[in-house]
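Scroll down for the structure; my scribbles are underneath it.
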Amino acid sequence: MNIQSVRGFHDIFGKDVKKFRKVSDTARRILKLYNFEEIILPIVEYMELFYRSVGETTDIVQKEMFVFEDRKGRKLSLRPEGTASVVRAFIEHKLYALKPYVKLFYEGPMFRYERPQAGRYRQFHQIGAEIFGAAEPFADAEIIKIAYDILESLGIKNVIIEINSLGCKRDREAYREALLKYLSGVKEQLCRDCISRMDRNPLRVLDCKVETCREVVVEAPKIVDYLCDKCKAHYEDLRRYLNALEIPFRENPNLVRGLDYYTRTVFEAVSDTLGLTLIAGGRYDYLVEELGGPPTPALGFALGVERLMLLIPDLEEKEDIYFLIPFGDVHEYALQVASLLRKQGKIVEYSYRKGGLKKQLEFANKLRVKYAVIIGEDEVKNNEITIKDMETGQQRKVKLKELIRGYS
Ligand code: HAM
């Protein structure tokens, strides 16, 4: 049997690993500048956590979760996202008791049973950040600024930051009614999914991708017109701060997001090039309380590592590799030389294959090393090594004594 990887689950190797690390290192460096601390979370949680946070009626919970039973029949889930887990940990470890507010970031694989295509996988990686205990709109501005800084640092262009406000619970109730009234009048024009969404989660009709639905929602009432004074002021302040930070953004009154926990600010950084969302997030002021913690306003974002990888160029970092070629039974000496070089911080590749000089130099070229270090009986006898610069072809001998002193 020829075993292949599971559909939607992929290996990351070769050049892509460099890109993966570049995204991760860049995000970590920027999160550090904002003084976020890392939290390493489990990949498996009780399924109920996602029911109660992401929302029972969402596509993620209804159609996309990997759910299985443990040996005692408890329903567990591979996490489809990270926010729910961070909130669970925040409550479980009473992190609210330690600091006036808490800033955490996480990195790791997430799992969603979606239809795989470019930039969409069943196992993908997110880097996310969450702030607990911050109600003020400048925290929202900072969260969006982090996302913006990461994109800028990676040199990713043609990205539009879309923002919207979903208001508080009361605003949403009033809006839901107005929206339902409108949708009932145009029900025949909606797709089948949207008709069922009307009962379960009518706001989701607003971001349906079906063309006829998109036409219908153009005329739909807008949630921003239903915001209470406080939510309206919060949204206005946010826009002011984004302008002050010179972050270009576009208001999208139909941006509702696919997770139920959001309140007030939601945002997405959308790539024009890919037509995909790269980074998304928002505020979720009731979630901590709903999951059993003290009332704690909170907000955050997550980026899709694979999606950002699609937009960064191949990275050709040339490293100075020393390729150590032993000829004959000189391994005791050669292994010691390799250790010595590594102790000095040099990257050493010890040739694991036998062959004459021509063959070995061919290996050296294939491995794209900078230097070949040749060790034969003569070198051992004279306590030296021969170093060949693979680019210039120049060759010279270096005494072991010199090497110990720090050859460069
Ligand atoms: P989300 O919009 O579901 O939000 O996902 C965030 C990002 O993860 C997306 O913008 C995308 O880049 C990436 N992503 C999602 N699904 C896939 C997939 N199937 N394949 C590849 N990449 C994908 C959340 O997960 C929220 N937890 C974000 C958040 C944090 N809100 C507040 N705090």
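The values are calculated or read from the model by the stated rules, or taken from the named source; none is laboratory data. Keep in mind that this is a model prediction, so the values were computed, not measured. Neighbour counts run over all protein chains shown; Cβ positions are idealised from the backbone, glycine included.
Details
- Selection from region 389-408 of residues that are surrounded by 11 or more Cβ atoms within 10 Å (Cβ to Cβ) and either under 20 Å from Gln336 (Cβ atoms) or in contact with a Leu (Cβ under 6 Å, 6 or more places away or on another chain) (or both): Lys397, Val398, Lys399, Leu400, Glu402, Leu403, Ile404, Tyr407
- Selected residue (criterion: nearest to the chain's Cα centre (by Cα)) from residues of region 135-155 that are over 23 Å from Glu251 (Cα atoms) and outside any helix (DSSP H, G or I): Leu154
- Long-range neighbours under 6 Å by Cβ, at least six apart or interchain, first residue more than 23 Å from Gly293 (Cα to Cα) within region 40-65, second part of a loop (DSSP other than H, G, I, E, B) and aromatic (Phe, Trp, Tyr): Glu64/Tyr113
- Filtered residues of region 72-90 (kept if out of contact with any helix residue (DSSP H, G or I) (no Cβ under 8 Å at 6 or more places or on another chain) and either within 14 Å of the ligand (Cβ to nearest atom) or of a type in the set (Val, Ile, Thr) (or both)): Leu78, Gly82, Val86
- Residue, nearest to the ligand (Cβ to nearest atom), within region 91-142, restricted to residues that are on the phi > 0 side of the Ramachandran plot and in contact with a Leu (Cβ under 9 Å, 6 or more places away or on another chain): Gly119
- Residue selected from region 245-291 under the condition more than 14 Å from the ligand (Cβ to nearest atom) and free of Cβ contacts under 8 Å to residues at least 40 places away in the same chain, by the criterion farthest from Gln117 (Cα to Cα): Glu289
- The lone exception for Ile160 - which of (1) touching a Lys or Arg at 6+ places or on another chain (Cβ under 9 Å); (2) more than 30 Å from Ala27 (Cβ to Cβ) it fails: (2)
- Taking region 149-181 as the range and being without any contact (Cβ under 8 Å) to a residue 24 or more places away in the chain and either surrounded by 20 or more Cβ atoms within 10 Å (Cβ to Cβ) or of a type in the set (A, V, I, L, M, F, W, C) (or both) as the test, only Leu180 passes.
- For region 50-61, the criterion of being modelled with pLDDT of 95 or more, within 13 Å of the ligand (Cβ to nearest atom) and farther than 13 Å from Leu259 by Cβ is met by none of the residues.
- Some residue of region 192-206 being among the aliphatic types (A, V, I, L, M) and under 23 Å from Pro297 (Cβ atoms): yes
- Residue check, Gly300 within 14 Å of the ligand (Cβ to nearest atom) and farther than 20 Å from Glu38 by Cβ: no
- Flag if Ile12 is touching a Phe, Trp or Tyr at 6+ places or on another chain (Cβ under 8 Å), aliphatic (A, V, I, L, M), closer than 30 Å to Ser153 by Cα and exposed (fewer than 12 other Cβ atoms within 10 Å of the Cβ): no
- Taken over region 95-119, residues that are surrounded by fewer than 18 Cβ atoms within 10 Å (Cβ to Cβ) and within 19 Å of the chain's Cα centre (by Cα) amount to 7.
- Listing of strands (runs of 3 or more DSSP E) fully contained in region 277-375 that carry 3 or more residues being under 22 Å from the mean Cα position of the chain (by Cα): 298-304
- Taken over region 103-117, the criterion of being touching a residue at least 40 places away in the same chain (Cβ under 8 Å), of a type outside the set (Ser, Thr, Tyr) and not in a loop (DSSP other than H, G, I, E, B) is satisfied by Lys103, Leu104, Phe105, Glu107, Gly108, Pro109, Phe111.
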